[in-house]
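Below is one structure, written out as structure tokens; comments come after it.
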Amino acid sequence: MREFAKQRGWTLREVAERAGLNYSTVKNYVQRDAMTMTDYTAIRRLAIAFDVSIEDLVEILEE
């Protein structure tokens with residue numbers, strides 16, 4: 001997710017605002033070692049904010 005934000009020149013706070021999510025949610029996803037439990041709605045909102053598919057976003061989050 002940091003890669004997508006960096007490509008767009010956004011901070012994680014801006015990502016959260018654009019996705020309509022709490023900053024803590026975005027920060028938590030960035031800091032996780034693995035995506036064991038995710039909120040589908042949050043992932044969908046992030047994908048829309050980045051204008052990428054959910055699959056592309058999840059692939060990045062799992063790396």
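Assorted remarks:
- Inter-site label distance for Arg13 and Ile48 at 7 Å from Cα along Cβ, in nm: 2.4
- Per-residue Karplus couplings for the range 39-56, computed as 6.51 cos²θ - 1.76 cosθ + 1.60 with θ equal to phi - 60°, are listed in order as 9, 4, 4, 5, 4, 4, 4, 5, 4, 5, 4, 7, 6, 10, 6, 4, 4, 5 Hz, Gly and Pro entered as x.
Computed from the coordinates by the stated procedures, all read-outs in this text should not be read as laboratory data. No experiment lies behind these values; they were computed from the predicted model shown. Note that we place each Cβ from the backbone using ideal geometry, even for glycine, and neighbour counts take in every protein chain shown.
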